[in-house]
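Reading through the structure tokens given below for one structure.
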Amino acid sequence: MLPNLKQIKANLIKDRYLYLLLIPFLAWYIIFAYKPMYGLQIAFKDFSVYKGIAASPWVGLENFETFFRSPYFLRLLKNTLLLSLYQLLFAFPVPIILALLLNEIKNGIFKKTVQTFTYLPHFISVVVVAGIVTNFLAPSNGIINILIEMMGGEKKYFLTDPDWFRTIFIGSMDIWKEAGFGTIIYIAALSGVNPALYEAAVIDGANRWKQTWHITLPAIIPTIAIMLVMKVGSMLEVGYEAIILLYQPATYETADVINTYVYRAGLQEGRYDLATAVGLFNAVVGFLLVIFANKMSKKLTQTGLW
Amino acid sequence: MGNKKWMKTSALTMVAVGMLLAGCSGGNNAPQNSGNQSNASKEPDAEQLAGHLITKEPLELTLHMHFADRFIYDDNWPIFKEAEKMTNIKLKGTASKSATNSAELFNTMMASGKVPDLVHHQNKEQYDSLGMEGAFLELDELIEEHAPNIKKFLSEHPDSAKYMKASNGKTYFLNFTPDGPAAKGWFVRQDWLDKLNLEQPKTVDELYAVLKAFKEKDPNGNGANDEVPFFSRDKLSGIYDLLIQWGVQGGADAAKRGFYADNGVVKYGMYEQGYKTAIENIAKWYKEGLIDKEIFTRGPKARDILLGDNVGGMTHDWFASTANFNDILAPKIAGFFLNPIAPPANTEGKILEESSRKGTHASGWGISAETKHPVEAIKYMDFWFSEDGRRLMNFGIEGKHYDLVDGKPKFKDSVLKNTEKTVIQQLQEEGGQIELAFHQDYAYEEQWTNPIALKGIKDYVSNGYIMEAYPPVSYTDEERNRFEELNSAVLTFVEEKLQKWVLGAEPINDETFSKYIKQLEDLGIKELLELEQGAYDRYMK
């Protein structure tokens with residue numbers, strides 16, 4: 001069944017320009033994705049920048065042990081996974097819903113305005129967003145607490161309360177900041193739905209809700225599935241820079257994740273070996289989760305990354 | 001060629017200027033200079049070289065300098081050009097001017113295998129461990145033979161000499177030595193005290209009374225209970241700085257939180273019994289609103305906001321910058337006077353200020369093992385420890401930045417009264433006050449420090465309030481990894497508990513405190529103290 005060499009050669013010559021176009025992408029993968037894998041070995045080495053990757057001595061699993069035997073390891077893992085899970089549950093559907101809502105708006109100017117306003121926060125740096133959050137939630141004169149007091153409630157020091165951390169973090173960093181930007185891909189998918197389907201549905205007497213349920217949603221399910229699989233792959237990589245800006249020792253209980261702990265332990269600067277070990281651990285867990293998610297996705301929606 | 005001619009003339013000028021300068025300093029400070037010369041004349045190759053000249057022919061050395069993510073060596077810095085005239089050594093910077101991450105750039109440079117003659121770094125520990133691997137030269141012998149000024153400095157400053165050694169007892173790295181006595185002090189709104197007819201607090205109980213009065217008696221007179229009696233612009237140090245008031249030591253140093261030496265025994269402040277009393281009281285103060293309710297999130301702008309709004313009453317902060325608020329706010333708030341006061345005596349009756357300015361700094365430089373010019377390099381490093389080099393680095397160029405008045409450098413008015421840039425900015429833009437190995441001279445800062453701050457500093461220094469700082473010990477690689485592992489576990493727990501207790505989220509009593517002590521032991525506090533004791537003993541030897 002294998003095509004013979006001659007045929008391959010003929011194909012190569014025939015489509016040479018297409019193959020030429022492919023080269024930059026292959027090169028990108030080789031240079032930036034495959035070649036750096038050589039450096040992964042430093043996760044098992046006592047790495048010194050001076051000695052270089054090859055000459056640094058092997059230490060087996062010591063770097064992993066240092067990280068696993070931390071008394072906080074279980075708490076860190078739990079916090080990381082929970083934060084990711086809540087991100088999936090609460091933040092992931094928001095752009096989809098927003099895109100569906102925007103899709104129903106017929107007034108062009110209003111639609112564009114809402115879209116612009118919702119995706120603008122994406123361009124604000126996390127440092128600034130953290131500052132805004134801190135000010136809004138300030139216990140003495142933050143706007144949220146002023147509103148709570150006006151409505152007869154009691155002021156609260158939100159940022160030192162572990163029970164509130166996940167809500168604040170996901171609400172500000174994932175929903176407010178990113179939801180609008182996330183809609184772009186879904187809106188693009190929605191614009192590809194064949195209008196004839198809606199016309200047919202209207203003739204059959206389907207109302208707006210039924211149109212959404214039976215036409216719009218199925219049309220973007222493949223996009224949703226792929227976005228979900230990709231999201232699951234980076235589950236352990238919660239945005240730790242933003243956490244560092246928002247957490248407090250008082251909220252470590254729920255806020256401290258693997259990457260913030262490694263950062264705090266002063267291990268990132270110059271300790272590439274340990275950072276690589278942690279990164280490798282995250283990548284392996286992410287890889288397993290992607291395989292699982294992809295299987296699920298194929299079973300349920302007949303679409304997947306591969 | 002025009003180029004050659006230029007070189008000749010400039011070489012001649014350099015020699016002339018060098019001799020001139022040598023003559024000058026000889027007149028001003030005879031004993032020291034003659035010391036230099038007699039030392040220099042022992043060198044066979046230095047016989048005919050006048051003044052600070054290191055080589056007969058101009059020599060170019062390469063330098064990697066990129067620190068604090070924004071200071072990059074610039075070949076055009078006038079202060080280094082001045083040094084070039086005196087020494088005949090020209091430095092050529094190799095660090096990329098577009099890079100913005102100093103630590104990363106250093107690692108990339110080391111990994112590339114192309115290490116320039118001189119290497120500046122902001123992390124002594126990493127430098128030392130690379131030195132022990134053979135990347136950098138051992139400087140001890142070079143200093144002994146070729147660097148009389150460094151030698152003199154080290155023998156006069158044994159603490160610096162100790163600090164500069166790596167854990168194997170050898171020196172690879174010469175570090176920047178800051179100067180100046182005091183760091184933080186207590187500041188209180190004197191006009192509020194006067195208005196409420198209160199004395200400056202002399203004890204913890206009086207401090208409590210003053211803060212209470214600030215809270216309840218409306219000293220800013222706006223009718224609202226909006227005063228914030230004690231505040232801090234440091235989210236964590238704000239509370240740690242208070243611990244000493246109940247005799248708990250070790251809290252003030254953010255880099256080495258908790259550790260202090262008690263007659264040669266290393267202890268951990270937050271592992272002592274006294275810590276319970278301290279936290280109980282602080283939690284009570286917090287509950288009563290004497291401590292800023294937002295202390296854990298207010299952050300670096302706290303002073304600007306709370307003093308500017310006329311609601312902040314008292315803080316513990318750096319002298320110079322805090323005293324400056326008197327100038328800034330005097331036109332806006334009638335009678336505003338933020339006065340530095342002596343620390344209130346603690347519960348043991350002692351008047352103590354735990355913060356102090358560090359006599360050592362982790363920034364500095366050393367010589368690459370691959371250099372072809374180790375002797376010239378160490379001599380060049382030595383130049384910055386000579387009287388002329390030190391003055392050049394501290395005050396800039398004579399006639400441009402300062403004039404000599406009675407033999408002492410005094411900044412020109414054009415520098416002092418520049419409204420756009422601070423003195424330090426003006427110097428750093430031209431290559432002065434750069435954190436290479438030199439001995440800072442506090443006189444440079446004194447000239448533009450607010451008189452209120454100077455008065456406070458003098459008070460703290462002359463009365464001996466400032467405690468001796470915990471020494472900057474060094475670890476072997478193995479010790480350091482273990483230290484970081486244990487310390488981050490302990491500190492995570494300590495800070496989590498500290499905040500919860502202060503916020504009132506968890507009660508503090510005998511039962512919870514003994515549980516806390518037990519948990520610290522489970523986290524390895526004993527091993528941590530043992531490890532630290534070893535490093536401390538090695539340092540003190």
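Quick notes on this one:
- Taking first residues from region B:131-146 that are more than 9 Å from every other protein chain (Cβ to nearest Cβ) and β-branched (Val, Ile, Thr) and partners that are surrounded by fewer than 21 Cβ atoms within 10 Å (Cβ to Cβ) and part of a loop (DSSP other than H, G, I, E, B), no Cβ contact under 6 Å between residues at least 6 apart in sequence or on separate chains turns up.
- Just so you know, in region A:243-259 the residues that are crowded, with 21+ Cβ neighbours inside 10 Å and either among the hydroxyl-bearing types (Ser, Thr, Tyr) or under 17 Å from the mean Cα position of the chain (by Cα) (or both) include one that is nearest to the other protein chains (Cβ to nearest Cβ), and it is A:Tyr252.
- Within region B:517-541, being surrounded by fewer than 21 Cβ atoms within 10 Å (Cβ to Cβ), of a type in the set (Val, Ile, Thr) and either within 30 Å of B:Gly169 (Cα to Cα) or within 14 Å of another protein chain (Cβ to nearest Cβ) (or both) holds for no residue.
- Within region A:151-181, considering residues that are among the aromatic types (Phe, Trp, Tyr), in a helix (DSSP H, G or I) and within 14 Å of chain B (Cβ to nearest Cβ), the one surrounded by the most Cβ atoms within 10 Å (Cβ to Cβ): A:Phe165
- Only one entry of A:Ile148, A:Ile184 meets the criterion of being under 30 Å from A:Thr134 (Cβ atoms), free of Cβ contacts under 8 Å to residues at least 12 places away in the same chain and either within 14 Å of another protein chain (Cβ to nearest Cβ) or part of a helix (DSSP H, G or I) (or both), and that entry is A:Ile148.
- Checking B:Ile466 against (1) crowded, with 18+ Cβ neighbours inside 10 Å; (2) at pLDDT below 90; (3) closer than 14 Å to B:Ala183 by Cα, the condition it does not meet: (2)
- Test: residue in region B:136-156 that is hydroxyl-bearing (Ser, Thr, Tyr) and within 30 Å of B:Phe395 (Cβ to Cβ): yes
- Taking the conditions (1) within 26 Å of the chain's Cα centre (by Cα); (2) crowded, with 21+ Cβ neighbours inside 10 Å; (3) of a type outside the set (Ser, Thr, Tyr) in turn, B:Lys458 satisfies each one other than (2).
- Where a residue in region B:67-92 is within 14 Å of B:Glu435 (Cβ to Cβ) and among the hydroxyl-bearing types (Ser, Thr, Tyr) and its partner, wherever it lies, is assigned to a loop (DSSP other than H, G, I, E, B) and at pLDDT 95 or above, with Cβ under 6 Å and at least six apart: B:Tyr73/B:Met65
- Residue count for region A:202-249, restricted to those that are in contact (Cβ under 8 Å) with a residue 24 or more places away in the chain, among the acidic types (Asp, Glu) and over 17 Å from A:Tyr86 (Cβ atoms): 1
- Of all residues assigned to region B:265-286, at least one qualifies as being away from chain A (no Cβ under 14 Å), of a type in the set (Gly, Ala, Ser), more than 25 Å from A:Phe158 (Cβ to Cβ) and under 25 Å from the mean Cα position of the chain (by Cα).
- There is no residue in region B:199-208 that is away from every other protein chain (no Cβ under 14 Å), aliphatic (A, V, I, L, M), touching a helix residue (DSSP H, G or I) at 6+ places or on another chain (Cβ under 9 Å) and assigned to a loop (DSSP other than H, G, I, E, B).
- So B:Ala103, is it within 26 Å of B:Glu479 (Cβ to Cβ) and either modelled with pLDDT under 90 or away from chain A (no Cβ under 14 Å) (or both): yes
- Annotation: B:Ser514 fulfils all but one of (1) without any contact (Cβ under 8 Å) to a residue 24 or more places away in the chain; (2) surrounded by fewer than 19 Cβ atoms within 10 Å (Cβ to Cβ); (3) part of a helix (DSSP H, G or I); (4) in contact with an Asp or Glu (Cβ under 8 Å, 6 or more places away or on another chain); the unmet one is (4).
- Counted as qualifying within region A:1-118 are the helices (runs of 4 or more DSSP H) with 2 or more residues that are on the phi < 0 side of the Ramachandran plot and within 14 Å of chain B (Cβ to nearest Cβ), namely A:52-55, A:62-68, A:73-86.
- Just one residue in the set B:Glu484, B:Glu478, B:Glu495 is more than 22 Å from A:Arg75 (Cβ to Cβ) and either under 32 Å from the mean Cα position of the chain (by Cα) or not in a loop (DSSP other than H, G, I, E, B) (or both); that residue is B:Glu478.
- Selection count where residues are at the interface with another protein chain (Cβ under 8 Å from one of its Cβ atoms) and without any contact (Cβ under 8 Å) to a residue 60 or more places away in the chain, scope region B:109-127: 4
The values are calculated or read from the model by the stated rules, or taken from the named source; none is laboratory data. This one's a predicted model, so the numbers in the text were calculated from it and none came from an experiment. So basically every Cβ, Gly included, is an ideal-geometry build from the backbone, and we count neighbours across all protein chains shown.
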